[in-house]
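Reading through the structure tokens given below for one structure.
The values are calculated or read from the model by the stated rules, or taken from the named source; none is laboratory data. The structure displayed is predicted, hence computed values, not measured ones. Here the Cβ is made from the backbone with ideal geometry for all residues, glycine too, and neighbour counts use every protein chain on show. All accessible areas refer to the heavy atoms of the entire protein, side chains included, with ligands and DNA or RNA removed. Shrake-Rupley method; radii C 1.70, N 1.55, O 1.52, S 1.80 Å.
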Amino acid sequence: MAESAAQQFDVIVVGAGFSGMYALHKLRGQGLKVRVLEAATGVGGTWFWNRYPGARVDIESRDYGYSFDPELEREWRWSERYAAQPELLRYLNHVADRYDLRRDIQFETRVKAARFDEGAARWTVETDAGESFSTRFVIMATGCLSEPKEIVFPGAEDFAGEVYRTFDWPTDGVDFTGKRVGIVGTGSSGIQTIISIAPECQHLTVFQRTPNYSVPAQNHPLTPEEQDKWDAERESYRARAKSQPLAFWNDPPEKNAAEVAQDERIVEMERRWNYGGFRVGFPFLDTGVDLASNKIAADYVAGKIRQIVRDPGLADRLTPKSYPFGTKRLCIDTGYYDVYNRDNVSLVDLRSEPIERITERGVRTSAREYPLDALIYAMGFDAMTGTLAKLDIRGRGGLTLRDKWAHGPVTYLGLMIAGFPNLFTVTGPGSPSVLTNMVMSIEQHIDWIADAIQWLDSNGHATIEATEQAEHEWVTHVAEVADTTLYPQADSWYMGANVPGKPRVFLPYVGGFDAYVAACNDIVADNYRGFATA
Ligand SMILES: Cc1cc2nc3c(=O)[nH]c(=O)nc-3n(C[C@H](O)[C@H](O)[C@H](O)COP(=O)(O)OP(=O)(O)OC[C@H]3O[C@@H](n4cnc5c(N)ncnc54)[C@H](O)[C@@H]3O)c2cc1C
């Protein structure tokens with residue numbers, strides 16, 4: 001009897017990254033019985049898994065931390081302008097200790113299914129170890145970038161050397177000294193790995209399918225004076241950041257490119273380049289919506305690549321040409337293009353010589369074989385939907401989420417899905433999520449969910465669910481806003497284009513964090529417009 005009886009909870013949270021940890025803290029504080037189920041052996045989510053060399057946040061550390069508790073903010077000091085993975089993981093462990101979170105987190109527990117029982121208005125959540133939990137609410141804090149893409153090259157299992165994936169790098173690190181190393185993929189993770197390991201490899205061969213725009217972070221250790229300054233202005237800074245489309249301060253431009261004289265445009269681009277980070281991506285108001293304006297920024301960065309990389313042919317191959325600037329996630333680096341001036345680094349352009357197969361000795365392209373001692377896959381993620389689609393989630397009438405999303409994800413606000421009462425997604429498709437400082441988006445979502453649960457309880461409702469109509473209207477709005485921008489012109493993971501067979505849909509909401517928060521608040525003020533309760 002005890003073996004099959006489901007354990008009873010108010011809320012089951014899946015995932016113990018930034019989202020799941022805050023959800024636990026917040027909802028436990030509301031007197032709810034909460035259990036977090038996490039596949040990993042520790043907290044941290046993204047920062048638990050992605051331990052590859054050079055892994056680092058790409059927005060400033062001052063932004064990328066919780067804001068819900070001023071005490072927590074005051075007591076934590078970041079050592080660099082952009083924190084590296086070990087420090088981020090230390091921070092998240094500190095948060096887990098500080099709020100005594102671990103006692104309600106069950107590690108090494110992978111959820112495989114969740115089923116809604118309409119009669120009881122409760123969910124049954126099952127793990128792959130056969131455990132079962134009965135709960136009123138489910139919060140999928142499973143992450144937007146937590147399902148790595150499959151390695152699909154023929155012969156992948158034949159390779160006799162060492163194989164690594166950036167997503168689940170060995171905890172003890174890897175020594176590449178004296179080795180011939182190959183890396184497939186030049187997105188953010190690939191670029192950070194390449195920069196870090198190039199000096200130690202005997203030779204590093206980079207296999208590039210699509211070049212990415214990468215701009216300097218201008219990272220540096222923080223002096224005590226800078227840290228004091230951050231502390232002193234924290235409250236006003238946070239308020240200013242939260243009023244922004246990206247949920248961090250990006251020095252928003254005030255003019256369209258056409259309103260700026262040519263020499264001033266260069267001055268402005270240079271100013272942003274020297275400051276570093278995502279500011280380079282937004283020099284003019286219309287960079288993201290107007291091709292001519294976009295080309296000014298693209299040409300500027302292409303010029304920088306030519307300046308840095310000594311071999312003009314190589315510089316050309318590293319320069320993106322097939323999509324507008326900023327429509328694939330901008331990479332933020334420290335010394336990326338300069339790596340290609342090293343004698344021990346070479347670039348293979350997979351557009352001109354595609355990979356045919358992985359062999360026992362290395363990688364064979366249509367041109368030749370590259371013998372390797374180690375091969376690294378930095379191939380990105382089945383973003384925003386991959387982790388959820390893998391689960392067997394069944395709502396009303398046995399409707400599976402996989403079927404519901406067969407032609408692309410549909411949600412209301414990226415928070416709820418019609419047919420799946422009391423199941424919440426955090427930073428789900430249709431919310432600003434990956435186009436923002438994620439920690440602010442996560443906090444906003446968890447606060448919204450916590451308020452909704454409180455509202456349900458104080459009004460005597462058992463369930464809340466998005467209506468089909470509200471969901472349809474929101475999905476239409478998300479697509480319309482995306483279509484006013486240049487984003488859909490890129491074959492990006494934002495579009496699902498990096499995963500073969502995935503529906504081509506612009507996944508995040510590009511209307512901006514500020515507009516999105518206003519929409520959420522307005523819906524709540526209007527008695528949770530678009531949600532049905534029972
Ligand atoms: C390399 C990398 C760099 C990034 N850099 C930035 C950045 O600079 N700025 C930014 O804003 N965002 C960045 N992100 C996005 C980052 O994912 C978010 O900022 C944030 O960490 C997400 O937190 P989360 O808790 O929502 O999800 P995650 O951190 O992904 O945590 C999800 C957790 O759910 C668990 N899980 C998933 N499925 C199951 C299951 N079935 N059963 C049990 N557990 C499960 C996973 O193990 C994981 O621990 C980056 C992402 C990556 C991969």
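List the lysines whose Cα lies under 25 Å from the Cα of K149, skipping any in the same chain that are fewer than 8 positions away.
Answer for K149, where 25 Å is the Cα cut-off: K112, K321, K328, K390, K404, K502, listed by chain and number.
Jot down the radius of gyration and Dmax of the range 165-231, Cα atoms only, both in angstrom.
When restricted to the Cα atoms of the range 165-231, Rg and Dmax are 15.8, 45 Å.
With the cut-off at 1.5 for a/c, could you classify the range 137-195 from its C-alpha gyration tensor as rounded, prolate or oblate?
Prolate.
Please state the relative contact order of the range 339-426 as a whole percent: Cα pairs under 8 Å, 6+ residues apart?
12
So how much accessible area does K112 have, in Å² to the nearest 10, using a 1.4 Å probe?
Approximately 100 Å² for this residue.
Where only protein heavy atoms count, and the probe is 1.4 Å, what is the accessible area per residue for the range 405-534 in Å²?
It amounts to 34 Å² per residue over the range 405-534.
Once whole DSSP H runs in the chain are found, which of them have Cα atoms spread over 15 Å or more along the helix axis and a mean Kyte-Doolittle score of at least -1.0?
18-29, 85-98, 291-308, 438-458, 468-483, 513-525
List, in order, the whole-Hz ³J(HN,Hα) value for each residue of the range 357-370 obtained from phi through the Karplus relation with A = 6.51, B = -1.76, C = 1.60 and θ = phi - 60°; use x for Gly and Pro.
Values, residue by residue: 6, 8, 10, 4, 8, x, 10, 10, 9, 5, 9, 5, 9, 10 Hz.
When the accessible area of the chain is split by element with a 1.4 Å probe, what percent falls to carbon and sulfur?
Ligands and nucleic acids excluded, carbon and sulfur reach 49 percent.
Can you give me the long-range amide H partners of F9? Hydrogens built in the peptide plane at 1.01 Å from N, cutoff under 5 Å, separation of 5 or more residues or another chain.
Under 5 Å from the amide H of F9 lie the amide H atoms of S134, T135, R136, each far enough along the sequence or on another chain.
If N is the number of residues in the range 83-195, what value comes out of its Cα radius of gyration divided by 2.2 N^0.38 Å?
1.48
I need the phi-derived Karplus couplings for the range 167-174: 6.51 cos²θ - 1.76 cosθ + 1.60, θ = phi - 60°, integer Hz, Gly and Pro marked x.
5, 10, 5, x, 4, 7, x, 9
Could you pull out every residue, at least 5 positions away or on a different chain, whose amide H is within less than 5 Å of the one on Y82? Hs are placed 1.01 Å off N in the peptide plane, and Pro or chain starts have none.
S61, H220
For the range 185-300, compute the orientation-averaged projected area of the C-alpha convex hull (one quarter of its surface), in nm².
Computed as one quarter of the Cα hull surface, the answer is 10.0 nm².
According to the square roots a ≥ b ≥ c of the eigenvalues of the Cα gyration tensor, what is the shape class of the range 387-534, taking rounded for a/c under 1.5, prolate for a/b larger than b/c otherwise, and oblate for the remainder?
Oblate is the answer for the range 387-534, as a/c is 1.5 or above yet b/c matches or exceeds a/b.
Going by average Cβ density within 10 Å per residue, which order do the peptides 503-516, 313-326 take, highest to lowest?
Result, highest mean first: 503-516, 313-326.
Two-decimal Rg/Rh of the range 224-286 from alpha-carbon positions, Kirkwood Rh?
Taking Rh as the inverse mean 1/r over Cα pairs, Rg/Rh reads 1.06.
I need the semi-axes of the equivalent ellipsoid of the range 289-412: take the C-alpha gyration tensor, multiply each eigenvalue by 5, square-root it, list largest first in whole angstrom.
36, 25, 13
Please check the chain for the longest run free of GluC sites (Glu not before Pro) that are loop-located per DSSP (anything but H, G, I, E, B) and have at most 14 other Cβ atoms within 10 Å.
361-534
Taking the Cα centre of the chain as origin, sum charge times position over the Cβ atoms of Lys and Arg (+1) and Asp and Glu (-1), and report the length of that vector in debye to the nearest 20.
That gives a dipole near 700 debye.
Compute the accessible area per residue over the range 37-125, keeping the other protein chains in place, probe 1.4 Å, unit Å².
Per residue, the range 37-125 has 40 Å² of solvent-accessible surface.
Using the Kirkwood radius over Cα pairs, work out the Stokes-Einstein diffusion coefficient for the chain at 25 °C and 0.890 mPa s, in µm²/s as a whole number.
It diffuses with D of about 101 µm²/s by this estimate.
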